[in-house]
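**Student:** Have a look at the structure that comes next, please.
Laboratory data are not the source of any read-out in this text; all were calculated from the coordinates shown. The structure presented is a predicted model; accordingly, all values stated were derived computationally and were not measured. Cβ: placed from backbone, ideal geometry, glycine included. Neighbour counts: every protein chain shown.
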Ligand code: F6P
């Protein structure tokens, strides 16, 4: 069925007209006109508080965006996802990361089969394994307990686990070392292992497909390293390697006993898999109980997204606001600014979640999308970013909507430092919204020639997301918030947020280039002149270093 064109739909046109009518409206005027705005335009769910009052919106904007969501079938698509329908149409798969955190007793069927018991079976196996490793019962080949865990994976099989480990470090086993290897650049593996004792090291090979070049290459490097350091006995592999994959056949081929494999399913997208067995490193770090707490946080946000009316629905609001800025204001990016050092890898994690999901130019019906889809997500923790790129957000020529994320309490209280951190978060949203007028600048005694340079126009929109504490639970809720915001955006745009065909071409071409770099004989190069020359130069350099 051909989807009605988004731009010509009455809902879109109404928003375009409304956007034009808002031109010249300032956040200051919106706040002056409604003393309660900062309390009214807020919502809470799953332990998170969202203040979206500092957005360039009115009640009418919200009404029209919700109307758009309805017309684009966002709610029907959401329900289809939760039901287990195959909404990943280009891969003909269900999209059921929500089943990964469904409690015992829930029923979610894929092809008639309830998948929830399988999910819990894997979770229980993970928990039993984690307990054994954490207690020292699981021994390496030479009888030593495991003290180091290296998770090898890339993309969705790495970014979530890295982010979660960093985010939840406070709750982790400090007497164990956790490292992550993703890049095919050998430096990644060498640096991760250089100071470790193989006898105390466990590798988790994470790959949904178990065919990914980078992961398999690093997994082989890990096996060689282990064997070299443990006397070359192949039997060591069983004690030092476990796998997380959907592909038992390839895991076996690699030499890992499938008894040491933790499975997941094709209905879990890589970038939506940090709460599946892909999160085994997280569970090893924080323990099974805390991992289940994290799942409970995810689930609480799932339920919120599923059941809360549109006007109070956090992911829906955030997703619609992203559409609003992306498509009507022409904003190309969204900055995500966590005011908590533990979330330093959160923006990197979100990059894959958002951009691999919604970086699509073709709609579900195979037509070119005549509107902008997925914005670029990026960011850094505050306050560091303030001393780096915030200048552009405050005074640049581009509109950059920002998400500020903060927690009421520090996990590492130190004097009044947390107050300083949060004061900065709050002050930034105020400065971005209301700026500084020429009159205010002059009042400070600024010479006239300097006035324009010091003016901040304001009207820079922000969301503020607050939670009490950074815990496994609040992290789960936060990740699910963004997952469902991404879903909302993709549903409005009628794109498949769950495939990633665009990454294939580069992988295919690299497979052709590899032998051309390594051939002892001069290969016949039939690329474009630039690619041919780059290959020749690399070959020459490679020859000269022997
Ligand atoms: O290159 C993109 C991608 O397919 C991601 O979608 C995925 O998360 C990553 O590669 C890793 O894939 P795998 O888990 O199969 O190794």
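**Student:** May I ask for the Kirkwood hydrodynamic radius of the stretch 189-262, worked out over all distinct Cα pairs and given in angstroms to one decimal?
**Tutor:** Result for the stretch 189-262 stands at 12.4 Å.
**Student:** Rg/Rh for the stretch 230-377: what does it come to with C-alpha atoms and Rh from Kirkwood?
**Tutor:** 1.06
**Student:** What does the helix-only formula give at 222 nm for the chain: each DSSP H stretch with n ≥ 4 adding -39500 (n - 2.57), the total divided by the residues, and the result rounded to the nearest 500 deg cm²/dmol?
**Tutor:** -13500 deg cm²/dmol
**Student:** I would also like to ask the following. Round to the nearest 10 and give me the degree value, 0 to 90, for the angle of helix 10-22's Cα axis relative to the longest principal axis of the chain.
**Tutor:** The two axes meet at around 60 degrees.
**Student:** In addition: Jot down the per residue volume, in cubic angstrom and as a whole number, of the convex hull over the alpha-carbon atoms of the stretch 347-475. Let's see the in-between values first.
**Tutor:** Working: hull volume 19.5 nm³, N = 129.
Value for the stretch 347-475: 151 Å³ per residue.
**Student:** Which of the peptides 131-137, 507-513, 369-375 is most tightly packed, and how do the rest follow, going by the mean number of other Cβ atoms within 10 Å of each residue?
**Tutor:** Descending mean neighbour count gives 369-375, 131-137, 507-513.
**Student:** Working from Cα positions, state the angle (0 to 90°, nearest 10) between the long axis of helix 116-135 and the longest principal axis of the chain.
**Tutor:** That works out to roughly 70 degrees.
**Student:** Can you pull a Stokes-Einstein diffusion coefficient for the stretch 1-148 at 37 °C (0.692 mPa s), Rh from Kirkwood over Cα pairs, as a whole number of µm²/s? Write down the numbers at each step before the final one.
**Tutor:** On the way: Rh = 20.6 Å.
Answer, rounded: 160 µm²/s.
**Student:** Right, something else. For the stretch 466-546, count the residues as N, evaluate 2.2 N^0.38 Å, and divide the Cα radius of gyration by that value, please.
**Tutor:** 1.94
**Student:** Can you give me the pair-distance distribution of the stretch 33-79, C-alpha pairs, 5 Å bins, whole percents?
**Tutor:** 5, 17, 20, 20, 23, 11, 4, 1
**Student:** If N is the number of residues in the stretch 384-426, what value comes out of its Cα radius of gyration divided by 2.2 N^0.38 Å?
**Tutor:** Taking the Cα Rg and dividing by 2.2 N^0.38 Å, one obtains 1.41.
**Student:** Separation of the stretch 147-216 and the stretch 391-444 by C-alpha centroid, Å?
**Tutor:** Taking the Cα centre of each part, the stretch 147-216 and the stretch 391-444 sit 35 Å apart.
**Student:** For the chain, max minus min Cα coordinate along each principal axis, in Å, sorted largest first?
**Tutor:** So the extents along the principal axes, rounded to whole Å, are 76, 61, 60.
**Student:** I would also like to ask the following. For the stretch 232-317, evaluate the Debye formula with one uniform point scatterer on each Cα (no solvent term) and list log10 I(q)/I(0) at q = 0.12, 0.22 Å⁻¹, rounded to two decimals.
**Tutor:** -0.52, -1.09
**Student:** Taking neighbour counts of Cβ atoms within 10 Å as a proxy for exposure, in what order, fewest first, do 23, 147 appear?
**Tutor:** 23, 147
**Student:** Where Rh is the Kirkwood radius over the Cα pairs of the stretch 290-369, the temperature 25 °C and the viscosity 0.890 mPa s, what D in µm²/s does Stokes-Einstein return?
**Tutor:** In µm²/s, the coefficient is 161.
**Student:** To continue, here is another question. Provide Rg and Dmax in Å for the stretch 142-278, with only Cα atoms included in the calculation.
**Tutor:** Cα only, the stretch 142-278: 14.0, 41 Å (Rg, Dmax).
**Student:** Now a separate question. Mind ordering 227-237, 242-252 by average Cβ neighbours within 10 Å, highest first?
**Tutor:** Values: 227-237: 13.9, 242-252: 20.3.
Answer by packing, highest mean first, reads 242-252, 227-237.
**Student:** If you take all C-alpha pairs in the stretch 402-526, what percent of them are over 21 Å apart?
**Tutor:** That tail contains 69 percent of the Cα-Cα pairs.
**Student:** First check a/c for the stretch 89-194, with a ≥ b ≥ c the square roots of the eigenvalues of its C-alpha gyration tensor; if it is under 1.5, answer rounded, and if not, answer prolate when a/b is larger than b/c or oblate otherwise.
**Tutor:** The shape class here is oblate.
**Student:** Quick one: divide the alpha-carbon radius of gyration of the stretch 331-370 by 2.2 N^0.38 Å and tell me what you get. Walk me through the intermediate numbers first.
**Tutor:** Details: Rg = 14.0 Å, N = 40, 2.2 N^0.38 = 8.9 Å.
In units of the 2.2 N^0.38 Å rule of thumb, it is 1.57.
**Student:** Moving on. Can you tell me the orientation of helix 472-493 relative to the chain, as the angle in degrees between its alpha-carbon axis and the longest Cα principal axis, to the nearest 10?
**Tutor:** That works out to roughly 70 degrees.
**Student:** How much of the DSSP bridge set in the chain is antiparallel, in percent, rounded to the nearest 5?
**Tutor:** So the antiparallel bridges amount to about 30 percent of the total.
**Student:** To the nearest µm²/s, what D does Stokes-Einstein give for the stretch 408-448 at 25 °C and 0.890 mPa s, using the Kirkwood radius over alpha carbon pairs as Rh?
**Tutor:** In µm²/s, the coefficient is 196.
**Student:** Follow-up question, since we're still on this one. What span do the alpha-carbon atoms of the stretch 1-71 cover on each of the three principal axes, reported in whole Å from largest to smallest?
**Tutor:** 44, 36, 11
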